[in-house]
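> Handing you this structure, nothing more for now.
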Amino acid sequence: MTTHPLSFSRTAAATALCLLALLFSVPVFAQEVPTEPVPEETLPEETLPEETLPEEPAYEEEATYEEPAAEATGSDVAATLAADGRFSVLLDALAQTGLDAAIAEGGPFTVFAPTDDAFATLPAGTLEALSDDDLRAVLLYHVVEGEVGPDAATLGEPVATLAGPALEFSDVDGSLVVNGTAAAGEGVTVSNGRVYALGTVLLPPTADMDSDM
């Protein structure tokens, strides 16, 4: 049996069309690949060191001499020195020379009172080497008749002591300074005068050591 070429061609074409139709009729599903969320990279928080401020250096006040504390209103010079507690050496020296009663009962006086620490700066044996008369002169060199206020620097002239030689006053940063070295502060008024605490023992010149007490 002879197959007509045109008949074969039609059969092949029909077969091809069927295959194409079959191919297009099958849905193609795109396989979605699940995408896992990429975790955000968590960087460790950078811990900044706390700012450490440098400690302020402890404030050191300049050496000052606190005012003698009067035990009560009306205290005299001697009672004020005794109540303060920083003038044991001075009080002993006043008692030794008999001046303790004079500064307690007389006056008015201004006393520039060296503290125990002030006496401790003297060379060892200085007080012990003094005769009673010399010790008396040293003590009276710290006493002025009348009341000398904190503004004594404005007087413009030295002030005689009960030992004879005078003291010179000046003003440093608002504080009364005696003989250029001893800061006397403001002092405190007592019943028979005024008392200043000194950090230095004032040593009088050797001449004219006459005393009125």
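The values are calculated or read from the model by the stated rules, or taken from the named source; none is laboratory data. Not measured: the values here are computed from a predicted model. Please note: Cβ atoms are built from the backbone with ideal geometry, for glycine as well, and neighbour counts cover all protein chains shown. Remember, those area values only see protein heavy atoms, side chains included, never the ligands or the DNA or RNA. Shrake-Rupley method; radii C 1.70, N 1.55, O 1.52, S 1.80 Å.
> Looking at E147 and the list (1) over 35 Å from the mean Cα position of the chain (by Cα); (2) not in a helix (DSSP H, G or I), which single condition is not satisfied?
For E147, the failing item is (1).
> How about the range 81-99: which of its residues are buried (at least 16 other Cβ atoms within 10 Å of the Cβ) and over 25 Å from L176 (Cβ atoms)?
Residue satisfying the conditions is T97 alone.
> Residues being modelled with pLDDT of 90 or more, surrounded by fewer than 22 Cβ atoms within 10 Å (Cβ to Cβ) and among the β-branched types (V, I, T): count how many of those fall in the range 133-168.
Going through the range 133-168 one residue at a time, the tally reaches 2.
> Okay, moving on. So, of the residues in the range 187-203 that are in a loop (DSSP other than H, G, I, E, B) and open to solvent by less than 20 Å² (accessible area, probe 1.4 Å), which turns out to be modelled with the lowest pLDDT? Spell out how you get there, then give the answer.
Looking only at the range 187-203, we keep the residues that are in a loop (DSSP other than H, G, I, E, B), and these are 187, 191-192, 199-203.
From what is left, the residues that are open to solvent by less than 20 Å² (accessible area, probe 1.4 Å) are 187, 192, 199, 201-202.
Working: G187: 88, N192: 93, G199: 92, V201: 94, L202: 94.
So the residue we want is G187.
> Also: In the range 100-116, what residues are outside any strand (DSSP E or B) and either closer than 15 Å to T181 by Cα or of a type in the set (A, V, I, L, M) (or both)? Walk me through it before giving the result.
As a first pass, look at the range 100-116 and keep what is outside any strand (DSSP E or B): 100-108, 115-116.
Within the range 100-116, A101, A102, I103, A104, T115 qualify.
> What number of residues in the range 147-175 are in contact with a Phe, Trp or Tyr (Cβ under 9 Å, 6 or more places away or on another chain), within 19 Å of P204 (Cα to Cα), of a type in the set (A, V, I, L, M) and without any contact (Cβ under 8 Å) to a residue 40 or more places away in the chain?
1
> Something else: Do you know which residues across the range 97-148 are under 14 Å from V195 (Cβ atoms) and β-branched (V, I, T)?
I103, T110, V111, T115, V143, V144, V148
> If you don't mind, there's one more thing I want to ask. Considering only residues of the range 169-186 that are of a type in the set (S, T, Y) and modelled with pLDDT under 85, which is most open to solvent (accessible area, probe 1.4 Å)?
Restricting attention to the range 169-186, the residues satisfying the condition of being of a type in the set (S, T, Y) are 170, 175, 181.
Restricting the remaining residues to those that are modelled with pLDDT under 85 gives 175, 181.
Working: S175: 39, T181: 98 Å².
Step by step, filter the range 169-186, then rank; the result is T181.
> Find all pairs meeting these conditions: Cβ atoms under 8 angstrom apart; at least six residues apart or on different chains; first residue within the range 120-146 and at positive phi; second residue among the acidic types (D, E).
Close Cβ pairs satisfying both conditions: none exist.
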